[in-house]
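Let me begin by presenting the structure, written as C-alpha cells, before commenting on it.
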Amino acid sequence: MIDVLIIGSGGAGLTAALAAKEAGASVLVVGKSYPTNSQTSMAQGGMNAALGNAGEDHIALHVQDTIKSAHGLCDEDMVRQMCADAPKTIEWLESIGVPFSRLDNDKAGVETVAQRQMGGASAKRACYAQDYTGLKILHTLYDTCLKEKIDFLDEHYFLNLIVKDGIAKGATFLDIRTGEVKQINAKSIIIATGGYASLYHGFTTNAYGSTGDGVAAVLRAGGAVSDMEFIQFHPTALKHSSILISESARGEGGHLLNSEGERFVDELKPRDEVARAIFKELSEDKEVFLDVRHLGEDKLMELLPQEVALCKLHEHIDPAKELIPIKPVAHYSMGGIDVDYALEVTGIKGCFAVGECSNAKVHGANRLGGNSLLEITAFGRFAGENAYKHSIYASTKPDEGRQLQKDRAHIKNIYTQKASVNFYTQREQLGKLFYEKVGIIRENSQLSKALDEVIAMQVLSNKIGIQDKSATNNTNLIDFLEFSNALLLAPTIISAAIARDESRGAHYKVDFKEENEDFRKHIVLQWKRES
C-alpha cells in the first residue's frame, strides 16, 4: 500500500511529493493531465518573500500586508507561518534550480534575487523569473521529482475519495486512456487539485479544467468546505480572450487608462479595489486599457516577454506601441476545502489538502498578489511532511471496494443516458450567469435568481449526457464529469454569498456596502455522508 497518494500534479502536489519522499514515504502522484499543464504555469508575476533585496522589508510587514488584504478574515497563526517560511522556501527553490531573475547575474544566493512590487504590498517583495515565474518553478519541481524517482500516473481523472469510519483509505480514478475505473489504496492522501474559478466559463483566466474536482469530491465524502463565496477577479485580462496579463505589468510601472485617457485608480491597490474601479468604468460605457508604452521595448522584452507575446498573439497589438484593452475576470478561489492547522481536511482523517483547492485561512476575503506561489510551496512541504507522519500509524487494511463498484456503475450509466440537453451550452450559460449575477458586484435579488437558474440546471441533469460513446480517450466524458462538479459547487458559492450580508474584499454587495463585524467569520458547509 502506498504511504502518500497525491492527487494533483501542479506546484502544490509536486512540492508535497518531494517533502513526503524526503521524509521517507513511498509516493504516487496522480493527475488528470500532465504536470507541466497545471495552472501553476499561469502564475506569472512572482512569489512573495521578505528578503529586503530591493529596499527595506520585514516578515512582520509581509504578515501585516497579507492580513490587511484578507480584510481580517484569516487565521493570523497560519499567515505568520506562511510568511515566516517564505525566505527559506525561496532558498530551497533556488537550491533545486529555479532560475530567479537577479540583481547581479554573476552571483548566486537569495541575497541577489530580484524583487518587484505587486498590488497591496508595502515593499518590493515578489521574487520573479521574468514573467514566467510559475512556469519555471513548476518545471524545476517536476524535474526534481523525476530525479528523485517519484512515481507518476498521468491522465487519470479523480472521481471520489474512499472513506470508511471518517478515515480516508484511498481514491477512485477514471483512466482516461483506457476508460477503466480504478481504485488506489493509500495510508494518507493529499488533495492538490486546484481551484474552481472556471465556473465562470468564458470569463476566467483559468483553464477549462479548473472546476473544483477535489473540492466536490470532499463534499461528497462528508468533508467540509468554507469561504466559497470569495472568488478573486483579476483586474487585467485581455478584453477578447480573458488571457491573464500579470500584475507584474503594473508592478513594473504600467498605467490603467480609460477611453478618455484618464488614470482613474492607483494601479497598486489590492486586486479587489482595482477590479471594482475598472468594472465601474466599463459599466459607464468606457473602455479600459493597460498602458506600458512608456516602459520601452527593451525593458518590456527583458522583464515582461510573455505579456508582449500574449498581446501580439491574442489581441494583435504591440504593447510597446499600443494600448492593451483589458477587463477584470475570475482568477482565483480564496475558499475551498476546509482544513485545520495541519492541513488535514475537516471531517476526514488522513486526508490533507493544499494549494488553491484548500482553504488554509491565509487569503481570506482577498488574496495578496504573490502569495499563491508561496502558499503552494511553503504549505506543500508542510502537507507532505504531515501526510507522511499520519501514514506511519495508519492501517494497511485495504478497502473492500464498495466505492469502486459504485463509481463503475455511475460511469456505465453516463454512457447509457440520453443526451437530449447539450451540457456544453449549459456550461456557457453557467459561466455567463455567474459573471453577471455572482460577479464583481453582487446583489441579493440577483443572487437568488442565479440560484434558481442553477437549480433548474440541476433538475435537467437527468437529460444531459455524452454524445461520444467511445471507451478510450473520451474527452467528452471528462468535460461532462467536470461540468457535473461545477454544477454541484455552484449552489455552495451562491448560498454563501447570499448569507454574507456585507461587503468584504472580493465579495461586494451594493445593498450592504460596508464590512460588518458580525460577519467576520467563516461560512462552512458540510453534507451528511451517505451510510
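Each reported figure results from applying straightforward, stated rules to the coordinates on display, with no laboratory input. Bear in mind that the values here come from a model prediction, so they are computed numbers and not experimental data. As a convention, Cβ positions derive from the backbone with ideal geometry for all residues, glycine included, and neighbour counts pool all protein chains shown.
Excluding Thr416 itself, calculate the net charge of residues whose Cβ lies under 15 Å from the Cβ of Thr416, where each Lys or Arg counts +1 and each Asp or Glu counts -1.
Numbers: positive: Arg408, Lys412, Lys418, Lys463, Lys469; negative: Asp468.
Neighbourhood net charge equals +4.
Could you state the number of Å between the C-alpha centres of the range 45-67 and the range 202-270?
22 Å
Using Cα pairs closer than 8 Å and at least 6 residues apart in sequence, work out the relative contact order for the range 72-223, in percent. Mind showing how you got there, number by number?
On the way: 166 pairs, mean separation 18.9, N = 152.
12 percent.
By counting other Cβ atoms within 10 Å of each Cβ, how are Ile59, Ile67, Ile278 ranked from fewest to most? Working shown, then result.
Values: Ile59 17, Ile67 20, Ile278 24.
Taking fewest neighbouring Cβ atoms as first place, the list is Ile59, Ile67, Ile278.
Under a Cβ-Cβ cut-off of 12 Å, what is the net charge of the residues other than Asp340 that fall near it, where Lys and Arg count +1 and Asp and Glu count -1?
Spelling it out: positives minus negatives among the neighbours equals -2.
Using Cα positions and a limit of under 17 Å, work out the aspartates and glutamates in reach of Lys269, with same-chain residues fewer than 8 apart set aside.
Within the straight-line limit of under 17 Å, Lys269 reaches these aspartates and glutamates: Asp65, Glu247, Glu252, Glu281, Asp291.
The range 169-192 to the range 290-363: how many Å between their Cα centroids?
29 Å
Classify the chain from the C-alpha gyration tensor, please: rounded if a/c falls under 1.5, else prolate or oblate depending on whether a/b exceeds b/c.
On the way: a/c = 1.56, a/b = 1.21, b/c = 1.29.
Here the chain falls in the oblate category.
Please arrange Asp57, Asp266 by how many other C-beta atoms lie within 10 Å of their C-beta, fewest to most.
Working: Asp57 21, Asp266 12.
In order of increasing Cβ crowding within 10 Å: Asp266, Asp57.
For Lys187, list the lysines whose Cα falls under 28 Å from its own Cα; do not include residues on the same chain fewer than 8 positions away.
Here the lysines satisfying the reach criterion relative to Lys187 are Lys21, Lys32, Lys147, Lys149, Lys164, Lys169, Lys349, Lys361, Lys389, Lys397, Lys406, Lys528.
Hey, fewest Cβ within 10 Å first, where do Leu257, Leu103, Leu433 land in order?
On the way: Leu257 19, Leu103 12, Leu433 23.
Going from least to most buried by this count: Leu103, Leu257, Leu433.
From the phi angles alone, apply the Karplus equation (6.51, -1.76, 1.60; θ = phi - 60°) to the range 114-121 and give each ³J(HN,Hα) in whole Hz, x where the residue is Gly or Pro.
Per-residue couplings from phi come out as 6, 9, 10, 8, 10, x, x, 8 Hz.
Quick one: pull the percentage of alpha-carbon pairs in the range 402-517 with a separation above 25 Å.
Values: 2406 of 6670 pairs.
Counting pairs separated by more than 25 Å, the tail of P(r) holds 36 percent.
Using only the alpha-carbon atoms, what does the range 118-228 span along each of its principal axes? Please give whole angstrom values in decreasing order.
Dimensions of the range 118-228 along the principal axes of its Cα atoms: 48, 38, 29 Å.
Dipole magnitude of the range 402-517 about its Cα centre, charges +1 at Lys/Arg Cβ and -1 at Asp/Glu Cβ only, in debye to the nearest 20? Kindly include the intermediate steps, with their values, before the conclusion.
Numbers: 16 positive and 15 negative charges, 146 e Å.
Using only the charged Cβ atoms, the result is roughly 700 debye.
Considering only the other residues whose Cβ falls under 11 Å of the Cβ of Gly195, what net charge follows from Lys and Arg at +1 and Asp and Glu at -1?
Details: positive: Arg367; negative: Asp213, Glu356.
The answer is -1.
Scaled to the compact-protein estimate 2.2 N^0.38 Å, what is the alpha-carbon radius of gyration of the range 234-330, rounded to two decimal places?
0.97
Each residue of the range 84-96 in turn: what ³J(HN,Hα) in whole Hz from Karplus with 6.51, -1.76, 1.60 and θ = phi - 60°, glycine and Pro shown as x?
Working through the residues one at a time gives 5, 6, 4, x, 6, 5, 4, 4, 5, 4, 5, 5, 8 Hz.
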